[in-house]
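Quick notes on the structure that follows.
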Amino acid sequence: MAPIDTRIIKSNDISKDDLMWQIEYNPQRCTLCGKCAAACTFNAIKPDVERRRKVYSEGAEPKPNVKWITEPVIKQIVRTNKNCVGCGMCAKVCPNEAIKPVYNDKHRMNVKYRAENADSPKRGGRTNLHTEGRTLDKIKIGRISQMTDPSLDAQRHTFDLLAPFGRVLPPEQLPFVVKDGELQMSQNGPKTQWIYPIIIGDMSIGALSTRMWEAVAIATAYLNEVVGLPVRMCSGEGGMPLKLLKSRYLKYMILQIASGHFGWDRIINTMPEMVEDPAGILIKIGQGAKPGDGGLLLAKKVVRHIQEIRGVPKSDLLSPPNHQGLYSIEESVQKMFLSMNSAFKFRVPVAIKVAASTTSVSVYNNLLRDPYNIVGGFFLDGIAGGTGAAHEVSLDHTGHPIVSRLRDCYLAAVHQGKQGQIPLWAAGGIGMNGTLAADAFKMICLGANGVFTGKLILQIAGCVGNDYGKCNACNTGLCPVGITTQNRTLVDRLDVDKVAENIVNYFIATNTELKKLLAPIGNSSLPVGRSDALVTVDKNVATRLEIQHVC
Amino acid sequence: MCRIGAIKSKKYFHPVKTLELMRSQQKGHDNSGFAFVMQDLGGIFEGYKDLPTLSMACTNDGMHIAEDILHSIGFVRVMQWTPDIHPDIEGLNIRPMPNYVFEVFNYPRSYKYAPLSEKEDLLVDTRLKLRKALEEADEGYVYSFWPDILTLKEIGDPRDIGTYFGLWEENSDFTAKIITAQCRQNTNYDIVRYAAHPFFLQGYTALVNGENTFYEKNKLFQQSLYKGYIGFESDSQCFLYTLHYVNKILKWPLKYFKHVITPLPYNEITGRADRDILLKIKASLAHLEINGPNTMIGVTPDGTLFTVCDSKKLRPVVVGGNDDTVIITSEVTGINEVIPDRDISCDIYPNEREMVVVDNNLNIERWHQ
C-alpha cells in the first residue's frame, strides 16, 4: 500500500469542525427518502454516496474477504455560506429520527466567514451574546396586598387595562371651560387613542412574507372585533396592501414611516379613499437591534409584489440611517411631526420610535418641552429587539438595554412634572422568555404606558430561531417556516389561519396573566410608575432602577 | 385600620361629640391617637371668622421661633386661647407637647387692600416657613394657619387625650359647626404627628380610611404641582392634595374630583355624552387616580361635606342624621351613639360610583358619577 501523503490536507480549508451547526446523521436509521434534503432551504445537506470497505467471512473457518460498496447517504456541505443554520427542518421531516443539527459551541464561523468572504456577516434575529442575565427576570412583583388592603379576584373583578396613545395635555392646558357647573370643551385638543398596552411591533411586508403579515393583521382584527382587546399593529416600514388601506380595519393599524419612506407613495395616494383613520403614525428614527442603522431588505426578498407595495425596483433596499433633512429634535418636531399631524388633520396621533441610547433622556426631555404638543408617544427600543436583517456586529455589539433607559425617561418626566404627557412605550426583548405579561407588567410599573413586541409574534407563528445561534436566517429569503421569505413554496409551509389563531390565543392568555399580576397588588387599572410594587435581589438593579432591594 | 368621622350641624357643637362618635367604633381602630379639624368656629372664636388662626403644638423654644417669624412678616396677634390641660392626672396614655397654641392674627398692614388670593398665598407661605423652622429645630408642629379653622393632633389613647384637654366637659366656648376626626396614628409606619388625619390645606380637609395603593405615583405627580403639597407622611395626604388641585387650582366643580380619583373604565366613558371631557381627564390626570381600597371624607372651604369611595368600594362608610345634624362615619354604630333617635331608614350606605354631598342646609345629595 502506497504511503499516504498527508500534505494534501490544507490547514486553512474550512472543516466541519469550524461550522456552527453540524449534521448528526445515522445511516442505519435512514430510509433514504430524501425529505431532509428537499426540506433544507439552505442547501446545507445533499444526497451523496460514500465508498465503503466491507470485510466479511464466509464458511466455517474465518477467511476474510474484502468488498467495496457504494452507499447512498445524506451529507453536510462544508462551506462558509449557505451553511447549516440549525433550523432543524431535516429532523422535523425525517420519519426515523436519522438526522438532526447539533450546535458546535467551539465553532469558528465568526472568523472563517469574514476571512473567506471579505464580508460582514448578516443575519436576522436579535443579539446572541449573553453576557448578562435579563434584568426583568431579576425583578419580582413583591408588593402583595396582605391585610393592609385586599388582593382582588383576577377571575371575577373588572379590570381596565387600556393605555393612552397620543399627546396628553397637562391638566392646566386642557381646553375646558366651566359652564353651569359642568366642564365643557372650549376647543379640540390633541387626539388620544385608548388601546391595549401591548402593540404588535413594526414588522414590514417584505421583511415578513405577505402571508405572515396578513396573519398578524387578521389576528389584530379578530382581537379587536371578536375578543374585545383593542390591540394595535404597526405596519413596519414597507407600506400596506391597498385593500387594507381602504378598509375599515385600517383603524387598527399604526402606519410607520421610516427614512426610506417605503410604501408612502401608495399610502398618500390612497388617503382620499380611506374610510377610517389609521390608529396612529409611528415615525421610526431608530431600532434597538441595529441602532444608528437604517432598514435593510436584501434584493432576494424584493420580489414583484414587494416592489409594487414599496414602489421600488428589485435591488437591495437600504433605508438611510437618518431621515434626510432632519438634523435636530426641534427640527424633526417642526417638520415631520407637523406634516404628519396635518396630513391627517390632527385626528391621528403621531409618535416617534428611537433606539434606546445614552441620549434617550435628552431626546425625551426635549420632546416633553415641545411647545406644539404634537408628539403623541415615545417608543423606545432596546438592544434585545429583533430585526429581519442586520450586520451581526450591530446586532451583538451596538445598543442599549431597555429597562434602565425606560426608567430614566420616566423619572426625567417626573422631574419635570410631566409624566404621562408623552406616553412611553418600551420594547427590545419584551417577552423573550415567553411570558409577555410579566415583562409588560414590570415595565409598566417602571413607568411605561405600554410595550411593543415583534420577535415574540414570529415565535408564536412558528419561527424556529432562537437567541443561541439557531436559524436567524430571516435576511436570506430562505426562512424555512415561511415567515420571513417571499418564496411561494416556503410560504406555503405556513398555515395562515393557524398563525392568526395562535396569536389571538397568546393575547387571550396574556390578558389573563396581566389580571393575575394586577390582582395580588390590589389594582384594577394599570400601575404605571408603581415601582413600589417591584423588588429585586440584585443590589445593582435596585440601585439603578430605584426599586426595593430584597434578599 | 382607620375609622373616620365627620359631624356637620346647623348649630355649634363641642368636640366631645366626635369623641363619642369615634369611641363607639374603637374596635375598628387602634386607639393610638386623636386628631380633629374644626371648621366654622363658634364660642370664643366666632368673632374672628375672617382672620387666620394658627394651630400649633410646640416647645417653649418653638413658641419663640414661631413668634419671631410671624412678627417679622407683620402678623399681629389679636387673640390667644389655650386649652385647659390636666397634666396632673396620672396614668394617662398620652405623649403631650409642652404648649398648644391657638392664636388669631391680623394680616400684616401691607395686606390691608390685598386681594384674597394674595392673602391665601401668604398664609400658605407662612405656614410652610413655620413648619420648616420648627422641623429643623425639632421644636414643634404647625397644623393649620387659616381663617375659621382649628386643628389638634395628639398621640395616645383618645379617651385619655380627651381627659388631658378637658374635652369630656362640654361647653360653649370651644365649638364649631363642622368637625372631622379620627382616632389613630399612622401605626403602619413611624408615628409622626403630621401623618395623622385629618389633613388640611387652604380650606380643604380630608380624612381617609384605607391604603392608597397608587401612593407613589400620586406623590411623584403632586410634588411638582403646588408648593403646599409637601410632607407625604401618610399615603392619605394625596387625597387632600388632589381635592385641592382639582377644586382650588384647576377650579373644576367638585363632582369632577370623583372622575379624577376613580375614572370610569374606558368602555363606560365612551357611552356618555361627556366622554371627550372624561377621557381627557382620565389621560391628563392619570397619576392622580387612586386605586383603593379607600373611603374618604372631605370638607371644602364653603363648608360642603362629602364622602367618596374607591372604585371597588373596599372600605365602609355610612351617612345618617336628623334635621340639625348630619354625620358621615365609617360605622353606623358611631351615628347610633350620637344621634340614636334618627330615622335609620334614611341612612345612606354610599356605593363605589357616587359622591354623597351635604350642603350648609344639610341637604344630602347623591351624585352618581
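Just so it is clear, none of the values below were taken in a lab; they were calculated from the coordinates. Note that the coordinates shown come from a computational prediction; the quantities given were computed from them, not determined experimentally. Glycine gets a Cβ as well: all are built from the backbone with ideal geometry, and neighbour counts include every protein chain shown.
On the basis of the beta-carbon distance and an R0 of 25 Å, A:Asp137 and A:Ala509 show a calculated FRET efficiency of 0.85.
Taking a Cβ cut-off of under 14 Å around B:Pro158, the surrounding Lys, Arg, Asp and Glu residues balance to a net charge of +2, with basic ones at +1 and acidic ones at -1. Net charge of the neighbourhood of B:Phe13, taken over other residues with C-beta under 15 Å away and scored Lys/Arg +1, Asp/Glu -1, is -4. Per residue of peptide B:223-229, the mean number of Cβ atoms on other chains within 10 Å of the residue Cβ is 2.
With a Cα-only, solvent-free Debye model of chain A, what are the log10 I(q)/I(0) values at q = 0.13 Å⁻¹? Listed by q, the Debye log ratios stand at -1.34.
For peptide A:170-179, the mean count of partner chain Cβ atoms within 10 Å of a residue's Cβ comes to 5.
Please report how far the C-alpha centroid of the stretch A:163-186 lies from that of the stretch A:37-113, rounded to the nearest whole angstrom. A separation of 71 Å, based on Cα centres. Over the Cα atoms of the stretch A:16-119, the radius of gyration divided by the Kirkwood radius equals 1.12; this is the Rg/Rh ratio. Neighbour counts of other Cβ atoms within 10 Å put A:Leu424, A:Leu19 in the fewest-to-most order A:Leu19, A:Leu424.
Working from label points 7 Å from Cα in the Cα-to-Cβ sense, the A:Tyr56 to A:Thr158 distance is 8.2 nm. Karplus-derived 3J(HN,Hα) values for the stretch A:339-351, using 6.51 cos²θ - 1.76 cosθ + 1.60 with θ = phi - 60°, are 5, 5, 5, 6, 4, 9, 6, 6, 8, 10, x, 10, 10 Hz; glycine and proline are entered as x. Sorting the segments A:438-450, A:165-177, A:456-468 by their residues' average number of neighbouring beta-carbon atoms within 10 angstrom, most packed first, yields A:438-450, A:456-468, A:165-177. Once amide H atoms are placed 1.01 Å from N in the peptide plane, what residues at a sequence separation of 5 or more from B:Glu354, or on another chain, have their amide H within under 5 Å of its amide H? Under 5 Å from the amide H of B:Glu354 lie the amide H atoms of B:Cys309, B:Gln369, each far enough along the sequence or on another chain. By other beta-carbon atoms within 10 Å, ranking B:His368, A:His157, A:His107, B:His14 with the fewest at the front produces B:His368, A:His157, A:His107, B:His14.
As a ratio to 2.2 N^0.38 Å, the alpha-carbon radius of gyration computed for the stretch A:461-545 takes the value 1.65. Highest-first packing order for the peptide set A:380-389, A:303-312 is A:380-389, A:303-312, based on the mean count of other beta carbon atoms within 10 Å.
Cβ-to-Cβ counts within 10 Å put B:Met79, A:Met340 in ascending order as B:Met79, A:Met340, the fewest first.
Of all DSSP bridge pairs formed entirely within the stretch A:137-549, close to 30 percent run antiparallel.
Per-residue shielding of A:417-425, expressed as the average number of other chain Cβ atoms within 10 Å of the residue Cβ, stands at 3. Considering helices alone, the calculated mean residue ellipticity of the protein assembly as shown at 222 nm is -7000 deg cm²/dmol, with DSSP H runs of length four and up weighted by -39500 (n - 2.57) and normalised per residue. Take the Cα of A:Asp316, step 7 Å toward its Cβ, do the same at B:Asp324, and the gap between the two points is 9.3 nm. When you work out D = kT/(6 pi eta Rh) for the stretch B:9-134 at 37 °C and 0.692 mPa s, using the Kirkwood radius from C-alpha pairs as Rh and the Stokes-Einstein form, the result is 193 µm²/s. Where does the stretch B:43-83 land on Rg(C-alpha)/(2.2 N^0.38 Å)? Its radius of gyration relative to the 2.2 N^0.38 Å reference: 1.26. Among B:Leu134, B:Leu123, B:Leu220, the largest mean-square fluctuation in a Gaussian network model of chain B, built with springs joining Cα atoms closer than 10 Å, belongs to B:Leu220. For the stretch A:509-517, 3J(HN,Hα) computed residue by residue from phi via the Karplus equation (6.51, -1.76, 1.60; θ = phi - 60°) reads 5, 5, 4, 4, 5, 4, 5, 5, 8 Hz, glycine and proline entered as x. Checking the a/c ratio against 1.5 first, then a/b against b/c, what shape does the Cα gyration tensor give for the stretch B:223-279? Judged from the Cα gyration tensor, the stretch B:223-279 comes out prolate (a/c at least 1.5, a/b above b/c).
Close amide H pairs (under 5 Å, H built 1.01 Å from N) link A:Ile257 with A:Leu282, A:Ile283, A:Lys284, residues at least 5 positions away or on another chain. For the protein assembly as shown, the spread of Cα positions along the three principal axes, ordered from largest to smallest, is 126, 73, 55 Å.
The stretch B:126-142 and the stretch A:270-287 have Cα centres lying 56 Å from one another. The packing ranking, built from the mean of other Cβ atoms within 10 Å per residue, places the peptides A:278-286, B:322-330 in the order A:278-286, B:322-330, highest first. Panel note: the C-alpha atoms of the stretch B:219-369, placed on their principal axes, show extents of 46, 39, 28 Å (largest first). Cα centroid separation, the stretch B:194-209 to the stretch A:368-421: 39 Å. Using C-alpha pairs below 8 Å separated by at least 6 residues, the relative contact order for chain A is 18 percent.
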